[in-house]
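Participant: I have a structure I would like to understand better, so I am pasting it below and will then ask my questions one at a time.
Just so it is clear, none of the values below were taken in a lab; they were calculated from the coordinates. Just so it is clear, the model here is predicted, and its values are computed rather than measured. Here the Cβ is made from the backbone with ideal geometry for all residues, glycine too, and neighbour counts use every protein chain on show.
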Amino acid sequence: MIELQNISAAYGVTPVLHGVSLRADASTFLGLIGRNGAGKTTTLRSMVGLMPLAAGRVLFDGQPLAGRATHEIARLGIAYVPENRGVFPSLTVMESLTLAARPPANGATGWTLERVLDVFPRLGERRRNRSDALSGGEQQMLAIGRALLTNPRLLILDEPTEGLAPLIVREIQSVLRSLRGSGMALIVVDQNLDTVFNVADEIAVMSRGTVVAQGPSATLRADQALLNHYLGV
Ligand code: ATP
């Protein structure tokens, strides 16, 4: 489904990614972990056309994404929720959700407003509130709900549980877990390793701008030496 082939990228003259290779097949839930500054966010940004590549390429369903604008990449079926959630402060919850909605590609039954409100009942209670009046957890639910309403084939989440209360973290983890097997693929980055291990069935470890390990979640979770070496846990 998505494949990064040896990509390199820099902020100005500072190289940040050094030959990242990574792939996620359809239906895979991939977690990306690594210390602060390892290049996780930059890797996600490179998948959605927000980071110019110095080398390498990104393929989605075998098609190179080079030269495509972010909105075109979205239309191909990739939804991206950035770390700051990207909610529009002055829109109400309902306005944000209805604006995002896009039917699934092949006429299949996909995400509808009803289904999103079913998964996140809190958004229904807050439907008339402006997005900037929501708590951090509610904003994250809105950002995820809005992304789901575009009926993506790949959902990319940057730090979906960062800074949220433990109860909300568990709620978001359980919603994300419930999306497994729905046919959609997911790529998630989170400082909260519990979220990544809970949600992802496959894990890639990044260090200093490159992927140093990739494998099944259960295998990497049990590899104390690797986690200690690359994450200090
Ligand atoms: P974090 O969890 O801290 O966000 P990360 O693994 O997601 O870490 P990136 O955000 O991709 O890492 O950052 C990789 C490197 O690029 C870091 O050294 C960071 O300081 C640098 N960097 C990130 N954004 C910029 C920017 N806009 N301009 C310059 N350097 C940047």
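Participant: Ala69 to Arg208: extension gain in nm, 0.36 nm per residue of separation minus the Cα-Cα distance? Numbers along the way, then the final one.
Facilitator: Numbers: separation 139, 0.36 × 139 = 50.04 nm, distance 2.73 nm.
So the extension gain works out to 47.3 nm.
Participant: Another one. Antiparallel versus total DSSP beta bridges in the chain: what percent is that, nearest 5? Before the final figure, lay out the partial values.
Facilitator: Details: 22 of 39 bridges.
Counting only bridges with both partners in the chain, antiparallel ones make up about 55 percent.
Participant: Taking the mean number of other Cβ atoms within 10 Å as a proxy for protection, how do you rank 35-43, 19-27, 137-145 from highest to lowest?
Facilitator: Working: 35-43: 19.4, 19-27: 16.9, 137-145: 23.4.
Highest to lowest by the protection proxy: 137-145, 35-43, 19-27.
Participant: Still on this structure, please answer the following. Contact order normalised by length for the range 2-231, with contacts defined as Cα pairs under 8 Å and 6 or more residues apart; what percent is it?
Facilitator: Averaging sequence separation for qualifying contacts and normalising by length gives 29 percent for the range 2-231.
Participant: Another one. How compact and how long is the chain, expressed as Rg and Dmax of its alpha-carbon atoms in Å?
Facilitator: Answer for the chain, Rg first and Dmax second: 17.2, 49 Å.
Participant: How do Tyr230, Tyr80 rank when sorted from fewest to most other Cβ atoms within 10 Å of their own Cβ?
Facilitator: Values: Tyr230 20, Tyr80 23.
Lowest to highest Cβ neighbour count: Tyr230, Tyr80.
Participant: With r defined as the distance between the Cβ atoms of Ser182 and Glu125 and R0 fixed at 25 Å, what FRET efficiency is calculated, to the nearest 0.05? Present the calculation step by step, with values, prior to reporting the outcome.
Facilitator: Numbers: r = 25 Å, r/R0 = 0.99.
So the FRET efficiency works out to roughly 0.50.
Participant: Okay, moving on. Which value in nm describes the separation of the simple spin-label points at Ser27 and Glu162, placed 7 Å from the Cα toward the beta carbon?
Facilitator: So the label points at Ser27 and Glu162 sit 3.2 nm apart.
Participant: Now for a different question. How do Asp194, Asp223 line up, fewest other C-beta atoms within 10 Å first? All intermediate terms of the calculation are to be shown ahead of the outcome.
Facilitator: Details: Asp194 13, Asp223 16.
Exposure proxy ranking, most exposed first: Asp194, Asp223.
Participant: Given a Förster radius of 41 Å and the C-beta distance between Asn6 and Asp132 as r, what FRET efficiency does 1/(1 + (r/R0)^6) yield to the nearest 0.05?
Facilitator: Numbers: r = 41 Å, r/R0 = 1.00.
Taking R0 as 41 Å, the efficiency between Asn6 and Asp132 is 0.50.
Participant: Let me ask something additional. What are the principal axis extents of the Cα atoms in the range 28-144, in Å, biggest first?
Facilitator: Projected onto its principal axes, the Cα set of the range 28-144 covers 47, 39, 26 Å.
Participant: Follow-up question, since we're still on this one. What 222 nm value per residue comes from the helices of the chain, counting each DSSP H run with n ≥ 4 as -39,500 (n - 2.57) and dividing by all residues, nearest 500 deg cm²/dmol? Write out the running numbers ahead of the final one.
Facilitator: Numbers: 10 runs with 82 residues, N = 233.
Rounded to the nearest 500, the figure is -9500 deg cm²/dmol.
Participant: Using unit Cβ charges (K, R positive; D, E negative) and no other charged atoms, how large, in debye to the nearest 20, is the dipole of the range 65-206 about its Cα centre? Walk me through the intermediate numbers first.
Facilitator: Values: 15 positive and 16 negative charges, 107 e Å.
The dipole of the range 65-206 has a size of about 520 debye.
Participant: Between Gln191 and Thr112, what is 0.36 nm times their sequence separation minus the Cα-Cα distance? Round to one decimal in nm. Write down the numbers at each step before the final one.
Facilitator: Details: separation 79, 0.36 × 79 = 28.44 nm, distance 3.03 nm.
Separation in residues times 0.36 nm, less the Cα-Cα distance, equals 25.4 nm.
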